[in-house]
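The values are calculated or read from the model by the stated rules, or taken from the named source; none is laboratory data. Keep in mind that what you see is a predicted model, and the values were worked out from it rather than measured. Cβ placement follows ideal geometry from the backbone for every residue including glycine, while neighbour counts extend to all protein chains displayed. Quick note on the areas: whole protein, heavy atoms, side chains included, nothing else; ligands and nucleic acids left out. Shrake-Rupley method; radii C 1.70, N 1.55, O 1.52, S 1.80 Å.
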Amino acid sequence: MTAMCGIVGYVGDKSALEVVIEGLRRLEYRGYDSAGVALISSNGGSGTELATERRAGKLANLIGAIEERPLPAATTGMGHTRWATHGAPTDRNAHPHTDCTGRVAVIHNGIIENFAALRAELTAAGHPLSSDTDTEVVAHLLEAAYQDSDGDLAEALRRVCRRLEGAFTLVVVHADAPGVVVGARRNSPLVVGRGIGENFLASDVAAFIAHTRQAIELGQDQVVEIRADQISITNFDGTRAAVNEYHVDWDVSAAEKGGYDYFMLKEIAEQPRAVADTLLGRIGADGRLQLDEMRLSPDELREIDKIIVIACGTSFHAALIAKYAIEHWTRIPCEAELASEFRYRDPVLSRRTLVIVISQSGETMDTLMALRHAREQGSLVLAISNTNGSTIPRESDAVLYTHAGPEVAVASTKAFLTQLVAVYLVALYLGQLRGTNYGDELDDVILQLAAMPEKVEKVLETMEPVRELARSLAGERCVLFLGRHVGYPVALEGALKLKELAYMHAEGFAAGELKHGPIALIEQDLPVVVVVPSRQGRDVLHDKIVSNIQEIRARGAKTIVIAEEGDDAVVPYADMLIRIPPTPTLLQPLVATVPLQVFACELATAKGHEVDQPRNLAKSVTVE
Ligand code: M6R
């Protein structure tokens with residue numbers, strides 16, 4: 001089984017191997033446990049044959065194996081990078097998987113839930129299964145289905161898909177069908193790239209953006225057949241499907257490292273642009289917000305009496321910040337909830353509940369399941385996503401896209417900042433629409449929001465001391481992060497970044513909660529990062545955290561304090577002071593998070609870790 005792998009398929013006149021390997025390189029962030037390719041080539045006579053290679057480990061291992069034992073020239077092919085769930089990441093479990101005849105090859109992303117029954121059926125029928133994966137059953141099912149469909153590979157795949165339960169993207173080739181690649185999807189991503197004299201299939205447009213920016217969304221339960229000059233899309237029942245084609249508004253340079261050592265460094269640096277792009281066109285000349293694109297009518301929005309914001313990981317931290325902003329600016333009760341917990345606690349939902357789901361990838365399975373549950377209960381769902389055409393926005397009632405551009409590093413950075421911008425926009429828009437008590441404050445905050453790209457830029461210009469500090473802490477075992485109010489989710493985010501990149505024990509706490517237990521963790525020289533709230537309108541909060549800093553310092557902690565320029569109250573208690581520009585309290589996460597990203601990235605690099613592809617992780621988590 002594979003959970004969130006990268007898939008590429010190609011038919012055209014170029015070297016399929018080169019196109020596929022290049023595509024896999026761009027998709028390696030999706031999974032890097034093993035990789036493989038399948039090509040359909042001439043067998044030297046009048047026939048064609050299937051050639052495959054697969055290797056455990058990173059793509060480089062596969063490339064090395066192909067260099068040692070070159071594959072035949074081919075213009076039809078497909079490739080896969082895997083993130084394993086069940087079935088160890090070995091050569092044997094790597095994709096592609098083939099049938100008994102060695103003429104059908106299958107790659108797969110997702111989980112086939114009824115694979116045990118299918119496997120038993122195939123074994124009883126005499127098919128030898130040689131891997132621990134669910135994917136292999138598809139190859140053997142296709143073997144017979146291809147015969148029954150008179151050599152129509154798309155029809156064979158439709159027949160097989162009708163028998164499968166679970167989530168899957170499948171891409172298949174057959175040695176008897178040169179010049180044809182067929183794909184299918186259910187609850188897992190697959191996009192089609194339309195080229196000239198060549199066509200592509202991929203988990204994500206990044207895989208083919210160097211060749212074409214014309215893309216087609218493949219709908220739920222659809223099969224696509226690509227040939228060099230033809231794309232046909234059908235539903236699983238064989239009926240013709242409507243085609244939704246779009247132009248990708250970023251180019252190949254956005255998916256390249258652009259001179260940076262890591263994508264993460266590039267993506268951190270891109271944040272001012274990403275924030276600006278996400279604001280673009282959404283603040284009118286009169287200072288009022290224009291979010292008609294969300295496709296929710298003002299009447300619908302006025303009716304709302306409760307909001308629940310749902311997400312996972314870093315996106316969940318954006319959801320926590322959304323709660324503070326929404327309740328303050330709209331006075332609508334708001335909860336933030338982990339997507340993986342949401343539907344299992346039988347939440348109270350109604351037609352007047354607005355559920356906001358936040359997902360960079362738009363494919364996170366926990367979030368998708370939460371959104372489906374909310375819609376089944378009749379609630380309105382608004383998606384905040386960075387990925388055009390992905391499943392979560394498509395299944396939602398409304399969508400507000402962030403414009404971060406492609407985020408390749410597994411650790412989310414620019415996507416997080418743009419998610420914050422999106423939730424601020426939604427909260428302020430609702431506030432405007434419903435005429436809350438804070439009219440003047442809203443106008444002022446909108447102006448301040450427009451100024452955030454410059455402030456983020458300013459923070460980035462002053463990061464050298466943070467990098468030095470990170471390097472000096474590379475030998476530490478543990479770092480704590482404290483915050484209050486919106487500084488608390490920022491502390492959680494700082495801790496998450498350090499865990500996932502530096503593999504260090506890192507915890508974020510609400511500073512006020514420390515005295516209820518976690519303060520026992522403080523020991524001599526333990527590094528503790530404290531996010532100090534702005535003084536603007538929040539004096540009490542500020543003073544409380546200054547006391548918290550004193551408490552931990554008195555117990556030996558090494559205090560690393562993130563505070564606004566001009567905040568002198570913290571100076572006596574800070575072993576290291578990181579300055580950020582003065583910003584209204586609710587907007588402060590946009591600047592306070594940046595040093596924490598830089599800190600984690602540098603510390604992980606100092607420890608010799610691969611920051612773009614941390615161990616055990618994948619960018620898009622398409623299993624529950
Ligand atoms: O694509 P999503 O925003 O739905 O992803 C959610 C999380 O998996 C993601 O934010 C994850 O926590 C990041 N790797 C954190 O850096």
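Structure values in brief
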item: Test: residue in the stretch 414-434 that is of a type outside the set (Lys, Arg), outside any helix (DSSP H, G or I) and over 14 Å from Ser315 (Cβ atoms); result: no
item: Residues (without any contact (Cβ under 8 Å) to a residue 40 or more places away in the chain and assigned to a loop (DSSP other than H, G, I, E, B)) located in the stretch 175-218; result: Ile196, Thr212, Arg213, Leu218
item: First in the stretch 414-429 and assigned by TED's automatic domain parsing to the domain that holds Ala336 and of a type in the set (D, E, K, R), second anywhere and in a helix (DSSP H, G or I) and open to solvent by less than 10 Å² (accessible area, probe 1.4 Å), Cβ under 6 Å, 6 or more apart; result: Lys414/Glu267; Lys414/Gln271; Lys414/Ala274
item: Within the stretch 405-428, considering residues that are of a type in the set (Gly, Ala, Ser) and open to solvent by less than 10 Å² (accessible area, probe 1.4 Å), the one farthest from the ligand (Cβ to nearest atom); result: Ala427
item: Out of Pro527, Pro572, Pro581, sole residue that is farther than 23 Å from Leu320 by Cβ and crowded, with 18+ Cβ neighbours inside 10 Å; result: Pro527
item: Number of the condition not met by Val19 [criteria: (1) among the aliphatic types (A, V, I, L, M); (2) modelled with pLDDT of 95 or more; (3) not assigned by TED's automatic domain parsing to the domain that holds Gly197]; result: (3)
item: Filter pass, Val561 being of a type in the set (Val, Ile, Thr), closer than 19 Å to Leu480 by Cα and within 16 Å of the ligand (Cβ to nearest atom); result: no
item: Residues of the stretch 544-564 classified as over 19 Å from Pro489 (Cα atoms) and surrounded by fewer than 17 Cβ atoms within 10 Å (Cβ to Cβ), total; result: 6
item: Filtered residues of the stretch 365-386 (kept if free of Cβ contacts under 8 Å to residues at least 40 places away in the same chain and over 20 Å from Tyr344 (Cα atoms)); result: Ala383, Ser385, Asn386
item: Condition met for Ala495 (without any contact (Cβ under 8 Å) to a residue 40 or more places away in the chain, open to solvent by less than 10 Å² (accessible area, probe 1.4 Å) and within 16 Å of the ligand (Cβ to nearest atom)); result: yes
item: Selection count, the stretch 452-467, where residues are open to solvent by 30 Å² or more (accessible area, probe 1.4 Å) and more than 25 Å from the chain's Cα centre (by Cα); result: 8
item: Unmet criterion (only one of (1) open to solvent by less than 20 Å² (accessible area, probe 1.4 Å); (2) modelled with pLDDT of 95 or more) for Leu218; result: (2)
item: Residue list for the stretch 362-379, restricted to those being touching a strand residue (DSSP E or B) at 6+ places or on another chain (Cβ under 6 Å) and open to solvent by less than 30 Å² (accessible area, probe 1.4 Å); result: Gly362, Thr367, Ala370, Leu371, Ala374, Ser379
item: In the stretch 460-473, the residues that are more than 16 Å from Thr559 (Cα to Cα) and assigned to a loop (DSSP other than H, G, I, E, B); result: Thr462, Met463
item: Pairs with Cβ under 7 Å, 6+ apart, first in the stretch 472-483 and closer than 17 Å to Gly608 by Cα and in the same structural domain as His505 (by TED's automatic domain parsing), second part of a loop (DSSP other than H, G, I, E, B) and open to solvent by 30 Å² or more (accessible area, probe 1.4 Å); result: Ala474/Lys607
item: Matching residues, the stretch 96-133, being basic (Lys, Arg) and farther than 13 Å from Ala144 by Cβ; result: Arg119
item: Residue that is most open to solvent (accessible area, probe 1.4 Å) [pool: residues in the stretch 221-258 that are of a type in the set (Val, Ile, Thr) and at pLDDT below 95]; result: Val243
item: Candidate set: the stretch 79-126, residues that are of a type in the set (S, T, N, Q) and assigned to a loop (DSSP other than H, G, I, E, B); chosen: the one nearest to the chain's Cα centre (by Cα); result: Thr85
item: Residue satisfying condition, being charged (D, E, K, R) and not in a helix (DSSP H, G or I), within set Asp261, Asp277; result: Asp261
item: Identity of the residue in the stretch 530-543, open to solvent by 70 Å² or more (accessible area, probe 1.4 Å) and touching a helix residue (DSSP H, G or I) at 6+ places or on another chain (Cβ under 9 Å), that ends up farthest from Leu577 (Cα to Cα); result: Gly537
item: Helices (runs of 4 or more DSSP H) contained in the stretch 281-400 and holding at least 2 residues of a type in the set (Asp, Glu) and away from the ligand (no atom under 16 Å from the Cβ); result: 298-303
item: Lone unmet requirement of (1) aromatic (Phe, Trp, Tyr); (2) more than 30 Å from Gly77 (Cβ to Cβ); (3) not in a loop (DSSP other than H, G, I, E, B) for Tyr246; result: (2)
item: Filter result for the condition that a residue is modelled with pLDDT under 95 and farther than 15 Å from Ala311 by Cβ, over Val466, Val479, Val456, Val410; result: Val410
item: Yes/no for Leu129 being aliphatic (A, V, I, L, M), open to solvent by 20 Å² or more (accessible area, probe 1.4 Å) and either closer than 20 Å to Arg30 by Cβ or outside any strand (DSSP E or B) (or both); result: yes
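Condition check ((1) under 22 Å from the mean Cα position of the chain (by Cα); (2) surrounded by 24 or more Cβ atoms within 10 Å (Cβ to Cβ); (3) touching a residue at least 40 places away in the same chain (Cβ under 8 Å)) across all residues:
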| position | (1), (2), (3) |
| --- | --- |
| Ile7 | yes, yes, yes |
| Glu18 | no, no, no |
| Gly23 | yes, yes, yes |
| Arg30 | yes, yes, yes |
| Ile40 | no, yes, yes |
| Ser46 | no, no, no |
| Thr52 | no, no, yes |
| Arg55 | no, no, no |
